[in-house]
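Please treat every number below as a calculation from the coordinates, not as lab data. Being a predicted model, the structure only gives us computed values, none of them experimental. For neighbour counting, all protein chains shown are included, and Cβ atoms are generated from backbone atoms with ideal geometry for every residue, glycine included.
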């Protein structure tokens, strides 16, 4: 049957106006709630939201993007008082790559899994610090680097919490061949060894992800594999 135009009234007080097929919203339409306040404008398929549409929670919060089986699914943007997110969705949750701006002004660009930052991502803090590296369950986990506003860097491995770190600290932004080995636990520096110099020797393993850097420590030479992120 070819969809036709119609108006449907529901027991919960909602009203549908738009294309109908077999008594179900099918095609483009608008769903209103009590007092004819618009709650959804977009496409339906056999009574469920499918395709492009806009879902309005209230005057301060709405989602504009793709739907599947009534869920946010595909590319979409959610704007709310707490955050603005543009990216991929799966079953109403952030999944895949996206860009998230928090109410505080901090920004995250990277991968999500089940609403949480997981995988490769970059966090831009309002203090000017930038973390570029791996995440798991909303926490820094794995290889990454943190750049301070003055250009100093931490490069190494984070574990579980934001400031559990084991790696190298570059304290001179004008001389990135000079660094200290340091260890941070629960935001406190527990170990720091001054100072090392990287040799000029570098052996590229994989141009996109790894390299070997030779360092000298206590009269011994060590080959260290570093992860590189772009």
Q) Roughly how large, in nm² to one decimal, is the mean projection of the convex hull of the alpha-carbon atoms in segment 1-77? A) 5.0
Q: Using Cα centres only, tell me the gap between segment 20-81 and segment 93-119 in whole Å.
A: 23
Q | Highest-first arrangement of 132-141, 119-128, where packing means the average Cβ count within 10 Å | A | 132-141, 119-128
Q | Computed FRET value (nearest 0.05) for residue 180 with residue 80, which takes r as the C-beta separation and R₀ as 35 Å | A | 0.25
